[in-house]
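Single-structure report; data block below.
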Amino acid sequence: MAFALLMISEAFAQVKVGDKAPDFKLVNTDYTQLSLSDYKDEAGVILIFTCNHCPYAKFYEARIDKLHRAYAPKGYPVVAINPNDSVQYKTDGFSHMVKKGYEYAYLLDNTGVYKAYGASKTPHTFLLTRVNEGFKVAYIGAIDDSPQDANQVKVRYLENAISAVMAGKEADPNLTKAIGCSIKPF
Amino acid sequence: MTMLLVVAGLRGQSISDTSIDHLLARVQSNSDTIYVVNFWATWCHPCVAELPIFSSERLNTLKYPTKVILVSLDFKNQVDKQLIPFIQKKGISHEVFLLNERNPNEWIDKIDKSWSGAIPATLIYQGRTKAFHEGELSVAQLLDLINQTSH
């Protein structure tokens, strides 16, 4: 019964494209606290719920690095959030996150931010763009169309969405389905 | 009809590939059988933990015969080293297919539009009727799910 209720509440919590992006304040791997509002001088944020253990997250690790290097200089840095409690998978623990040494923020979500976004798996990507009061959601879903093999990518969903918003247009598609590992929250 | 046979293992153990279209054609073909399709992977701990429910004796007590199909989302390069040894070690006698698909955005909705793409996920097919559940299941929940398709 409780399980069914959780599924329903998550369905309502999912942000839609066009919604205001919920702010958060989480611990980064440099041991400081980081908020979405700290990025108010950027054009947007590539927000990715990801983790260490999931094979799909590992498939995308190099691609996420590349995205940050390509788009941070253009005003769209990557911000990664790990929503998993490491009870299920030890390698999702904070010390392992620190060891990754990513160039971008890698935050530990022990407060349920994933629920506010409706993130349901890792990796799950939300492209955010700056609007007057904060950020809004411009794209939700997969990074590209070929999780298992970067060499077989035909459609770069996320990059196409970034190009669109940079040109002042809407992302199309603005919602895609991604495969990933279910979240094991705190 | 493309069914690739990936032959490996010491005793000629093999795992067939399947596409989603091929899988659906199979499970929608026979209304006298309850197909229990589970999406899982050896690297997914909750998936592995729930596998025993598909061997429950309760599945043999239903009005129609049940057929369990385990669709593995393991990766091609894990078949020999991980998937086949796992199946042998656990003595899994259900039919196991390796999912052969490239773009999740194309096939996730074919299974169920509400599916977020996370595993485990279980699908019940009986003829044209279907029930879908995302997340882990107990035996009782599995039977409830099957009840949603019964006629």
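A few points about this structure:
- Verdict on B:Ile124 being over 25 Å from A:Val153 (Cα atoms) and crowded, with 20+ Cβ neighbours inside 10 Å: yes
- For the stretch A:39-69, the set of residues classified as hydrophobic (A, V, I, L, M, F, W, C) and within 17 Å of A:Phe126 (Cα to Cα) consists of A:Ala43, A:Val45, A:Ile46, A:Leu47, A:Ile48, A:Phe49, A:Cys51, A:Ala57, A:Ile64, A:Leu67, listed by residue number.
- In the stretch B:139-151, the residue that is nearest to B:Glu50 (Cα to Cα) out of those that are more than 9 Å from chain A (Cβ to nearest Cβ) and either modelled with pLDDT of 95 or more or touching a Leu at 6+ places or on another chain (Cβ under 7 Å) (or both) is B:Val139.
- Some residue of the stretch B:45-63 being part of a loop (DSSP other than H, G, I, E, B), more than 14 Å from every other protein chain (Cβ to nearest Cβ) and closer than 17 Å to B:Tyr125 by Cβ: yes
- The set of residues in the stretch A:137-163 being touching a residue at least 24 places away in the same chain (Cβ under 8 Å) and in contact with a strand residue (DSSP E or B) (Cβ under 9 Å, 6 or more places away or on another chain) consists of A:Val137, A:Ala138, A:Tyr139, A:Ile140, A:Gly141, A:Ala142, A:Ile143, A:Pro147, A:Leu158, A:Ala161, A:Ile162.
The values are calculated or read from the model by the stated rules, or taken from the named source; none is laboratory data. Every value quoted in this text rests on a predicted model; they were computed, and no experiment measured them. Please note: Cβ atoms are built from the backbone with ideal geometry, for glycine as well, and neighbour counts cover all protein chains shown.
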